[in-house]
Amino acid sequence: MNLNDKEKKIKSAIEEITGIKLNHQEVSRDKDKKYSESKLIIKDVKGKELAKVQNLRDFEDVLLSVNKDIILRCAKRNEFSKWLKSIGESELADKFLTIEKEFDEGEKLRKKMIDIIEEFRYSINQSYVTSYHRTSEEHHIKLSHIGTGSFGGKARGVAFLAKILSKYVTDDMFPGLKITIPRSIVLSTDVFDSFIEHNDLAKLDISHMSDERIASKFMAANLPATIIGDLRSFITNTRRPLIVRSSSLLEDSLLQPFAGIYASMLLPNESWGTDLRFQEVCNAIKYVYASTYFEKARTYIKSTPKNVSDEKMAVLLQEVVGNKYDTYFYPTISGVAKSYNYYPSGSCKPEDGIAYLTLGLGKSIVDGGSSYCFCPEKPKAPLFGTPKDFMRYSQKSYYALKLKSVYTIFTKNEETTLEKLEVDIAKKHGVLDKVASTYLHRDDSLYPGLYDEGAIVIDFGPIVNYDTIPLAKALKLLLRVGALALGYPIEIEFAVNFNRDESKPAELIILQIRSMIPPDKYQDVNIENIDVDKVLCYSENALGNGIISGFKDIVYIKSESFDMSNSNRAVSQIRRMNLKLMDAGKPYMLIGPGRWGSADPWLGIPIIWSDIAGVKVILETPYKERPIDPSQGSHFFHDMISSQVGYLITKKDKGNIDWKWLESLKLIEETEDVKHVETPSELEVSIDGKRGKAIIKEKLMIDNKIKTKK
């Protein structure tokens, strides 16, 4: 799609969603016209045509779908750089020519090419980001930077969002709702390089050091003198709470997002002492730098073609969205929205997207805890069944920032300044009436707002069902425009804050954007005619696509004896087995009850992605038939999708697993809650991504021919 076509589609989408007629000015790019006829033909070794590339979107599709050996062969003939030159993309062509000469391994080459294309997509949409200046007007600027290097993934996304909002969104589109980004400052990657170099930190034997020792070494180091003045000026001029976020080169990329892998630090930033607040920010920056080398990051990188030496860390400082309530600070709503829904239900289609909302700070969502979900295209379409069904699992608590500024050497992460509060506290703060409904038993119904009788339910009914603010429409537009501008499905993190002065509009603040794996990269996998009683496992709720094979190891929770009260205990057992299998180069399947990756141990096993980075397939089994759906807003879910791991759910009447077969397998290791077993021959998982169905079979070697056991 050339720029003209993209602009037309974006403007048409805005007109459709808002009803506002735009001036369709043509956006011209001479090279789009001049080079529109240039084509790249991709052929296999026999000369058969596999794909015809006419534009950059076609090119990305080829890089994502064509065999790595064919990509390598084309690269060694300089076919990619020559074609890019022919369509007028000289800068891209030069970068591709360099890596065509440099790489000799197909998969690494593919991923590097995708990284370059993705960086290019963001860069042509970015707004101008100002260099930080110590002026009295500086606090009015939404996005600025200190340093001259790369912004990294998160900050790059914020710059892209700034451009989207300034170019396409006007204040009159959504009455009662203002859309913006938080005030943000980026410390670019050259600041990180200078920090590492001047403190001789590259000499540390990181691989044999604990996280605590790494953090201690980094905390004792000094930030570059060249940034101290600017940083102190920034801290002097803001007393709002701050979040110091990682923004590494590898974060939020298309195929290795590193979501939730590095540290983020929440700071109250409330002390009257500037020195104290400045020291806390400096410590937070150094801790985020240190997290580049923590065990969690090193383990995750092992599962990718990257090396820890490839990583560089930028840091994003953002003012936290919210209001002060007594000694706490939090937004009314935090949320995650996706333009593609991998688990659609009811009348909603995958391309209608999905949004997750939670009261307070967004930790509940990104950690896979309790939240409310709806479809932005059809916000009133029921996704939960009866009100009574939803009541059981609605939000009972929320996260807030504790406003008590204490000088501390950080040993953990943002949780050190968070507090989990009961929803009744939000009622005292006057927040609950905007996000809650009341369940009245006499007519088994939910009514928006708070009533003297009945049970409070956090269902965001006043907003989602009664449009007190046009949140659904705004998210619909942002998802549509963002996906069109980037050329991929997208995910955004956001917060909604209601002004205490009710004459002023509420604010929708967009915090982050990242690409999702394109859902149309599905190969046809037909398992419609399979006898489900003759396979090892069958699922009608599966995520992923294609044939996954080449593994014999299975790690699973002992189903009969396991109780969810022990789910935290099981994490360390799984982590140890994962490390052993990764060191041995053995991918594996993971089986267990409830929602994997949930922060709530009563919903599932609360592992993080680095705990299971070597996994190839995850199987979720029911826990006492409790209906727990995967949380698509979590960092865990995003890493799982981007790592192209298959995820199968065996709900009642919609899936099964042969437990007798599983128990009969060769035992490799057993702990209190977990078993590691090995199959006699390789397993094969077939996932039909279009229909959300999957089966697992076992391959048997007979007479040197592979047959498949059904």
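FYI, it's all coordinate maths here, none of it is from the lab. Please read all numbers here as calculations on a predicted model, not as lab measurements. FYI the Cβ positions are ideal-geometry reconstructions off the backbone, even for glycines, and counts take in every protein chain you see.
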Note to self: I need Ser12, Ser334 ordered by Cβ neighbour count within 10 Å, fewest first.
What the structure shows: Ser12, Ser334
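Say the cut-off is 27 Å between C-alpha atoms; which of Lys48/Lys108; Lys217/Lys312; Lys154/Lys434; Lys76/Lys697; Lys302/Lys690 go over it?
Lys154/Lys434; Lys76/Lys697; Lys302/Lys690
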Next item on the list: Using only Cα atoms, locate the centre of region 142-220 and the centre of region 659-695, then give the distance between them in Å, rounded to an integer.
Entry: 41 Å
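With a Förster radius of 35 Å, plug the Cβ-Cβ distance of Asp583 and Ser681 into 1/(1 + (r/R0)^6) and report the FRET value to the nearest 0.05. List each step's numbers first, then the result.
Numbers: r = 23 Å, r/R0 = 0.66.
The calculated FRET efficiency here is 0.90.
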Checklist line | Inter-site label distance for Arg213 and Asp424 at 7 Å from Cα along Cβ, in nm | finding: 4.8 nm
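Multiply the residue separation of Trp661 and Lys52 by 0.36 nm, subtract the distance between their alpha-carbon atoms, and state the gained length in nm to one decimal.
Working: separation 609, 0.36 × 609 = 219.24 nm, distance 4.66 nm.
Here the answer is 214.6 nm.
Can you give the FRET efficiency to the nearest 0.05 for Tyr451 and Leu276, using r as the Cβ-Cβ distance and R₀ = 35 Å?
0.20
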Next item on the list: Mind giving me the nanometre distance, one decimal, between the label points for Lys167 and Glu295, set 7 Å out from Cα along Cα→Cβ?
Entry: 4.5 nm
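Between Asp533 and Asn499, what is 0.36 nm times their sequence separation minus the Cα-Cα distance? Round to one decimal in nm. Provide the component values of the computation, followed by the final result.
Details: separation 34, 0.36 × 34 = 12.24 nm, distance 5.75 nm.
This chain segment gains 6.5 nm when fully extended.
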Note to self: Quick query: amide H of Tyr328 versus all other amide H atoms, modeled in the peptide plane; which residues come in under 5 Å with a sequence gap of 5 or more or a different chain?
What the structure shows: Leu403
Check: What is the order of Arg232, Arg595, fewest Cβ neighbours within 10 Å to most?
Finding: Arg232, Arg595
Margin query: Can you compute 3J(HN,Hα) from phi for each residue in region 473-483, using the Karplus curve 6.51 cos²θ - 1.76 cosθ + 1.60 with θ = phi - 60°, rounded to whole Hz and x for Gly and Pro?
Written below: 5, 5, 5, 4, 5, 4, 5, 5, 5, x, 5
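Stretched out fully, how many nm does the piece from Lys324 to Lys349 gain, at 0.36 nm a residue minus the Cα gap?
On the way: separation 25, 0.36 × 25 = 9.00 nm, distance 3.91 nm.
The Lys324-Lys349 span can extend by a further 5.1 nm.
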Notebook entry, point to check: By per-residue mean of other Cβ atoms within 10 Å, what is the highest-first order of 44-56, 213-225?
Noted result: 213-225, 44-56
Notebook entry, point to check: Points 7 angstrom from Cα along the Cβ direction at Ala221 and Asp193: gap in nanometres?
Noted result: 1.5 nm
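Taking neighbour counts of Cβ atoms within 10 Å as a proxy for exposure, in what order, fewest first, do Trp83, Trp659, Trp272, Trp596 appear? Intermediate results must be reported in sequence, preceding the final value.
Values: Trp83 21, Trp659 13, Trp272 8, Trp596 30.
Listed from fewest to most nearby Cβ atoms, that is Trp272, Trp659, Trp83, Trp596.
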Notebook entry, point to check: Tell me, what HN-Hα J-couplings in whole Hz come from the Karplus equation 6.51 cos²θ - 1.76 cosθ + 1.60 at θ = phi - 60° for each residue of region 262-275, using x for Gly and Pro?
Noted result: 9, 7, 10, 10, 9, 10, x, 6, 10, 4, 6, x, 4, 4
Check: What is the calculated FRET efficiency for Thr236 to Ser131, with r their C-beta to C-beta distance and R₀ = 22 Å, to the nearest 0.05?
Finding: 0.75
